[in-house]
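I have placed the structure first, in the form of structure tokens, so that the comments after it can refer back to it.
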Amino acid sequence: MRLLIIGELEGQIGAATKIARSRGAKVSQTLNIQTALGLLRSGQGADMIMIEARADIKKLIEMLESERIIVPVVACGVQSDSAVAVAAIRAGAKEYIPLPPDEDLIAAVLEAITEETHAVIHASRQMKRLLELADQVAGSDANILITGESGTGKEVIAQYIHRKSKRAGNNFISVNCAAIPEALLESELFGHEKGAFTGAVARRIGKFEEANNGSLLLDEISEMDIRLQAKLLRAIQEHEIDRVGGTRPVKVNLRILATSNRDLPQETKKGTFREDLYFRLNVISLHLPPLRERKEDIIPIAEYFIEKYSKANGVPVRKLSAGTVEKLTYYSWPGNVRELENITHRAVLLGSGDEISADAITLPNIQAVERAAEEPAAEESTLNKSELVGRTIESVERELIIDTLNYCLGNRTQAANILGISIRTLRNKLKQYGSE
């Protein structure tokens with residue numbers, strides 16, 4: 001966890017720094033926004049920025065967005081200054097921390113903003129074997145390919161491997177290849193020189209250089225455009241990269257971890273993924289089974305999320321009722337652990353009583369089965385047809401996509417998995433709906 005503090009935090013910089021470091025954060029500080037941007041461009045990245053609430057937070061966020069630097073911003077100010085707190089949130093700050101700083105509050109914000117998970121919750125034999133293999137290979141420098149359906153926890157396993165490796169004291173940098181547009185991904189990975197393209201106002205260090213001596217996670221690498229795959233292959237083979245607009249290569253020393261929810265051998269046959277890149281990445285392969293194939297993990301993971309979100313929302317930690325345990329175990333979990341997290345989070349907020357009852361668990365697929373059992377099949381069929389007749393395919397598709405995205409609480413990766421489409425297709429559809 002890397003924390004960048006901008007300003008003096010109204011004289012509380014020492015206390016805030018001490019608290020953050022006691023929670024395992026690496027802290028750096030600058031006095032102004034321009035100096036902070038210089039650090040971020042140079043490769044001294046940050047997982048979170050803390051800034052005085054009276055500073056120009058809107059300007060900071062606009063500058064970060066213009067240079068495609070993605071990092072959450074938290075504002076800090078004196079407790080009585082409610083107007084400044086509201087202004088900071090409206091300017092784009094994710095959270096507001098009152099000063100003088102409270103140790104538990106800062107710890108909670110650090111965890112909530114970065115969503116760091118240091119434990120792999122499991123009870124199944126499949127996950128036990130997978131972690132034993134991860135332990136065995138973590139100490140090497142071999143590239144590792146982690147496969148599995150969306151939401152199974154591939155990034156969690158990648159973090160686990162990094163923490164067990166000899167590079168654990170250095171950066172773990174993650175790049176979501178599916179979430180960054182093709183035109184920007186090369187600059188995000190390799191960096192760029194000033195003036196390399198419109199908007200390149202200064203040299204920017206890419207993720208390869210930021211992860212130097214550490215680990216770089218290429219998340220959902222199968223979504224990367226095949227033309228960029230050739231440059232990635234060269235970077236991995238030669239241990240050097242070329243910044244966009246640069247004139248000489250830059251040496252890098254890092255370990256590559258990659259994830260994919262697709263069948264990469266099949267993608268190589270289709271010509272959408274380079275076979276030589278696949279072999280270069282697949283030195284060691286770890287496959288995460290879907291949650292429906294390791295049902296012993298469902299309840300321990302659900303209990304973990306219930307405790308996490310109960311504490312985060314200030315409500316008592318309640319146990320699962322027998323009916324809830326049965327309902328959770330029965331469900332097929334197409335969105336895997338990510339879907340289970342959303343469902344349990346919702347149950348914590350909506351449930352009541354001493355236990356989390358089955359009524360607090362909203363599972364659309366199970367509800368559809370229950371309705372089908374209660375109503376005559378012919379009547380149900382007629383109803384469904386009458387709702388669809390007269391509508392265009394585009395309107396039905398749009399409603400299905402938006403309803404699925406709402407069910408997934410806005411999580412695009414999980415929604416794409418449930419819909420059976422790529423996250424890139426989903427992103428293009430949402431962009432189309434927005435323009436309309």
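So if each residue of separation counts as 0.36 nm, and I subtract the Cα-Cα distance between LEU184 and ARG227, what length gain in nm does that give?
14.2 nm
Once amide H atoms are built 1.01 Å from N in the peptide plane, which residues 5 or more positions from GLU355, or in another chain, come under 5 Å H to H?
Counting only residues 5 or more places away or on other chains, the set is empty.
Holding the Cα-Cα limit at 20 Å, pick out from LYS231/LYS251; LYS295/LYS319; LYS26/LYS251; LYS207/LYS251; LYS26/LYS207; LYS18/LYS59 the pairs that are longer than that.
Flagged as over cut-off: LYS26/LYS251; LYS18/LYS59.
What is the Cα convex hull volume of region 125-289 when expressed per residue in Å³?
106 Å³
Cα-based Rg of region 2-114 per 2.2 N^0.38 Å, rounded to two decimals?
0.96
Pick from ASP354, ASP135, ASP219: which is most flexible by mean-square fluctuation in a GNM of the chain where alpha carbon atoms under 10 Å apart are linked?
With Cα springs under 10 Å in the chain, the top fluctuation among ASP354, ASP135, ASP219 is at ASP354.
How long are the semi-axes of the ellipsoid equivalent to region 272-343, from square roots of 5 times the Cα gyration tensor eigenvalues, in whole Å, largest first?
Here the semi-axes work out to 34, 15, 10 Å.
Going by how many other beta carbons lie within 10 Å of each one, how would you line up ARG398, ARG68, fewest first?
With the sparsest Cβ surroundings first, the list reads ARG68, ARG398.
Report, to two decimal places, the Cα Rg of region 32-182 normalised by 2.2 N^0.38 Å (N = number of residues).
1.28
Explain nothing, just the number: relative contact order of the chain, from Cα pairs under 8 Å at least 6 residues apart, as a whole percent.
With pairs under 8 Å counted, the relative contact order is 13 percent.
Can you list the HN-Hα couplings for region 145-157, worked out from phi with the Karplus curve (6.51, -1.76, 1.60; θ = phi - 60°), rounded to whole Hz and with x for Gly and Pro?
Per-residue couplings from phi come out as 9, 10, 10, x, 5, 4, x, 7, x, 5, 5, 4, 5 Hz.
Sequence-distant or interchain residues sharing an amide H contact under 5 Å with ILE97, placed H: which?
ALA75, CYS76, GLY77
Check which residues have an amide H placed less than 5 Å from THR152's amide H, if you skip close sequence neighbours.
Those lying under 5 Å, H to H, from THR152 are VAL337.
If each residue's Cβ is checked for other Cβ atoms within 10 Å, how do ILE226, ILE61, ILE393, ILE423 rank with the fewest at the top?
By the 10 Å Cβ count, ascending, the order reads ILE393, ILE226, ILE61, ILE423.
Computed from the coordinates by the stated procedures, all read-outs in this text should not be read as laboratory data. Predicted model, so just to flag it, every value in this text is computed and none were measured. Here Cβ is always computed from backbone atoms with ideal geometry, including for glycine, and neighbour counts include all displayed protein chains.
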